[in-house]
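The structure under discussion appears below in the form of structure tokens.
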Amino acid sequence: MTDEARTAPESGTAAGLARWHELVRSRDPLGLTDLLADEVVFRSPIVHTPQVGKARTTMYLTGALHVLGNDDFTYVREVVDTPNAVLEFTTTIDGIEVNGVDMIEFNDAGKIVDFKVMLRPMKGIQVVGQKMVEMLEALKSGQPS
């Protein structure tokens with residue numbers, strides 16, 4: 001195996017992670033088009049079944065960017081073990097502190113193939129669930145607030 005072949009997955013993960021951080025900073029979900037693999041799977045802390053495919057994952061991550069991505073949102077810890085990244089975050093929604101983890105798997109091209117979100121505490125899960133239902137309904141009707 002060449003040195004180039006050995007470093008390709010690592011560079012794909014690093015590139016994908018850098019693009020994810022930029023997307024979160026800009027709060028611009030249009031970047032998801034190039035960042036998500038066609039076969040991506042999204043695993044929500046609210047929905048019991050995996051959401052499969054780029055369109056479904058885009059809808060859920062767009063909703064999450066609106067709901068979680070406020071001025072209080074901060075990644076506080078990052079652990080990378082190629083092809084995976086675990087990003088711990090904090091935010092405040094309606095006065096409730098929410099702590100969560102994004103578990104992201106990248107392919108060799110730096111595209112997201114699996115995205116799992118975990119949240120705590122229970123009040124945080126409840127407020128995020130309520131806000132996500134409202135946001136997803138707005139997205140489906142073409143009117144995100």
**Study point:** Distance in nm between pseudo-label sites at Glu22 and Glu134 (7 Å out along the Cβ direction from Cα)
**Key:** 3.3 nm
Check your understanding: Just how large is the dipole of region 3-140 about the Cα centre, in debye to the nearest 20, putting +1 at every Lys and Arg Cβ and -1 at every Asp and Glu Cβ?
Key -> 460 debye
Point to revise | Ascending count of other beta-carbon atoms within 10 Å, so fewest first, for Asp108, Asp28 | key: Asp28, Asp108
Study note, to complete from the structure: Ranked output for segments 20-27, 100-107 by mean other Cβ atoms within 10 Å, highest leading, reads 100-107, 20-27
Exercise for review: Once you have the Cα-Cα distance between Asp72 and Asp108, take 0.36 nm times their residue separation minus that, and quote the gain in nm to one decimal.
Suggested key: 9.8 nm
**Study point:** Surrounding net charge for His66, when Lys and Arg each add one and Asp and Glu each subtract one, Cβ distance under 9 Å
**Key:** +2
Point to revise | Spatial separation of Cα centroids for region 8-54 and region 94-109, in angstrom | key: 10 Å
Point to revise | Overall Cα dimensions of the chain - principal axes, largest extent first, Å | key: 52, 31, 28
Review point. If each of Thr33 and Asn99 carries a label point 7 Å out from its Cα toward its Cβ, how far apart are those two points in nm?
Key: 3.9 nm
Check your understanding: Based on the Cβ-Cβ distance from Thr90 to Ala15, what FRET efficiency comes out when R0 is 35 Å, to the nearest 0.05?
Key -> 0.85
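No lab work stands behind these numbers, since they all come straight from the coordinates. Please read all numbers here as calculations on a predicted model, not as lab measurements. Quick reminder, even Gly has a Cβ in these numbers, built from the backbone with ideal geometry, and neighbours come from all protein chains shown.
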